[in-house]
Amino acid sequence: MRPGVQVRVAVPEDLDGLVDLCLQARAEAAVGAQLCSNDADRLRHQLGTLLAAPGGRALVGLLDGDVAGLLLARVVGPSPFTEDVSLHVEALFVRPRDRRRGLGHALLSGALGIADETGATQVFAVPLPGSRGVQRFLARLGFAPAAAHRVVSTEALQRRLASDPVGAGVARRGSGRGLEDLIARRRQVRSATVSGPVDLRGLPEQLAAARAQAEATALAEGTRADGTAGQEPRRSSISMHVRRAVASRRDVESSTTIS
């Protein structure tokens with residue numbers, strides 16, 4: 001840690017300095033309204049609630065004794081579904097004139113201390129909206145994107161629940177399975193389409209009869225003007241009859257060998 005840089009746990013006497021830093025972060029960001037309120041009293045109450053909440057953590061970064069940076073975090077876990085504990089960093093900010101002096105590194109070192117104290121095995125960090133500098137800073141330190149979460153506004157969820165009757169999801173899943181079965185049957189029919197000799201061993205008797213009929217029809221319809229039998233019409237007719245026979249017995253497994 002560089003000379004003059006200090007990080008410690010925030011105390012109630014630091015609230016005014018933390019509020020001032022929050023307002024600076026809001027003013028710096030292009031989407032300040034998404035960061036926090038511009039009401040100092042409301043911010044003071046929210047920060048005080050965080051300090052008093054179980055799992056809530058707030059660190060202040062001091063530069064030559066002056067509050068110049070903050071880190072707000074929560075310890076999450078264990079829960080009924082996981083024994084893992086993680087530290088969620090919800091805000092990391094250093095005022096512009098005091099950057100590049102090691103304060104950000106010192107604040108994250110303080111976060112590591114909290115992780116060690118609580119047994120957290122992972123540190124999640126949410127860069128302040130619009131803060132590309134913080135995003136690059138976190139990336140350099142090894143923070144990678146995590147896409148396991150899903151988010152929806154309460155208003156949108158309310159609309160979806162109202163328009164999605166109970167049981168509709170089950171019906172859709174059943175319909176989807178029916179569609180998959182139909183596609184599978186169509187693929188089976190296509191796989192029986194032949195363009196050359198066919199091994200009929202093991203085919204149902206109906207398919208053998210269909211081929212015999214197809215050959216007779218092809219000989220009658222595929223004769224050219226010079227009296228010779230046309231090969232292409234004959235093959236096309238055989239394929240058509242075989243497809244029809246297979247379609248009529250889709251639930252019977254075929255052992256057709258395509259060569």
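The values are calculated or read from the model by the stated rules, or taken from the named source; none is laboratory data. Source: prediction; values computed, not measured. Counting neighbours? That spans all protein chains shown, and the Cβs are built from the backbone with ideal geometry, glycine included. Please note that ligands, DNA and RNA were not included when accessible areas were found on the heavy atoms of the full protein model with its side chains. Shrake-Rupley method; radii C 1.70, N 1.55, O 1.52, S 1.80 Å.
Considering only residues that are modelled with pLDDT under 75 and within 22 Å of the chain's Cα centre (by Cα), look in region 152-172 and name the one that is farthest from Ala125 (Cα to Cα). That would be Arg172.
The single condition among (1) out of contact with any strand residue (DSSP E or B) (no Cβ under 7 Å at 6 or more places or on another chain); (2) within 19 Å of Val5 (Cβ to Cβ); (3) charged (D, E, K, R) that Asp116 does not satisfy is (2). When Leu161 is tested against (1) open to solvent by 30 Å² or more (accessible area, probe 1.4 Å); (2) closer than 24 Å to Cys36 by Cα; (3) not in a loop (DSSP other than H, G, I, E, B); (4) not acidic (Asp, Glu), only condition (2) is not met. For region 19-42, the criterion of a residue being among the hydrophobic types (A, V, I, L, M, F, W, C) and within 16 Å of Ala115 (Cα to Cα) is satisfied by no position.
Ala73 meets all of the listed conditions (1) in a strand (DSSP E or B); (2) open to solvent by 10 Å² or more (accessible area, probe 1.4 Å) but one, namely (2).
Whenever a residue of region 109-137 is over 22 Å from Leu62 (Cα atoms) and in contact (Cβ under 8 Å) with a residue 40 or more places away in the chain, its partners that are surrounded by fewer than 14 Cβ atoms within 10 Å (Cβ to Cβ) and hydrophobic (A, V, I, L, M, F, W, C), lying with C-beta atoms within less than 6 angstrom and at least six residues away or across chains, give the pairs Pro129/Val31; Gly130/Ala30; Gly130/Val31.
Conditions tested, residue by residue: (1) at negative phi; (2) open to solvent by 30 Å² or more (accessible area, probe 1.4 Å); (3) in a strand (DSSP E or B); (4) in contact with a His (Cβ under 9 Å, 6 or more places away or on another chain).
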residue: Arg57; (1), (2), (3), (4): yes, yes, yes, no
residue: Val60; (1), (2), (3), (4): yes, no, yes, no
residue: His105; (1), (2), (3), (4): yes, yes, no, no
residue: Leu108; (1), (2), (3), (4): yes, no, no, no
residue: Ile114; (1), (2), (3), (4): yes, no, no, no
residue: Phe124; (1), (2), (3), (4): yes, yes, yes, yes
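Would you be able to say whether some residue in region 173-182 is part of a helix (DSSP H, G or I), at pLDDT 85 or above and surrounded by 10 or more Cβ atoms within 10 Å (Cβ to Cβ)? Looking for residues that are part of a helix (DSSP H, G or I), at pLDDT 85 or above and surrounded by 10 or more Cβ atoms within 10 Å (Cβ to Cβ), one finds none in region 173-182, hence no. From the list Ala73, Ala27, the lone residue that is among the hydrophobic types (A, V, I, L, M, F, W, C), modelled with pLDDT under 95 and either touching a helix residue (DSSP H, G or I) at 6+ places or on another chain (Cβ under 8 Å) or under 17 Å from Gly133 (Cα atoms) (or both) is Ala27. Take the conditions (1) in a helix (DSSP H, G or I); (2) surrounded by 13 or more Cβ atoms within 10 Å (Cβ to Cβ); (3) of a type in the set (D, E, K, R); Asp41 misses just one of them, which is (2). Residues in region 137-151: is at least one out of contact with any helix residue (DSSP H, G or I) (no Cβ under 9 Å at 6 or more places or on another chain), of a type outside the set (Ser, Thr, Tyr), modelled with pLDDT under 90 and in a helix (DSSP H, G or I)? The answer is no, given that none of the residues of region 137-151 is out of contact with any helix residue (DSSP H, G or I) (no Cβ under 9 Å at 6 or more places or on another chain), of a type outside the set (Ser, Thr, Tyr), modelled with pLDDT under 90 and in a helix (DSSP H, G or I).
Would you call Ala58 closer than 20 Å to Asp20 by Cα and hydrophobic (A, V, I, L, M, F, W, C)? Considered against the rule, which asks whether it is closer than 20 Å to Asp20 by Cα and hydrophobic (A, V, I, L, M, F, W, C), Ala58 comes out as yes. Before we move on, is Pro96 in contact (Cβ under 8 Å) with a residue 40 or more places away in the chain and exposed (fewer than 15 other Cβ atoms within 10 Å of the Cβ)? Here the answer is yes, as Pro96 does meet what is asked.
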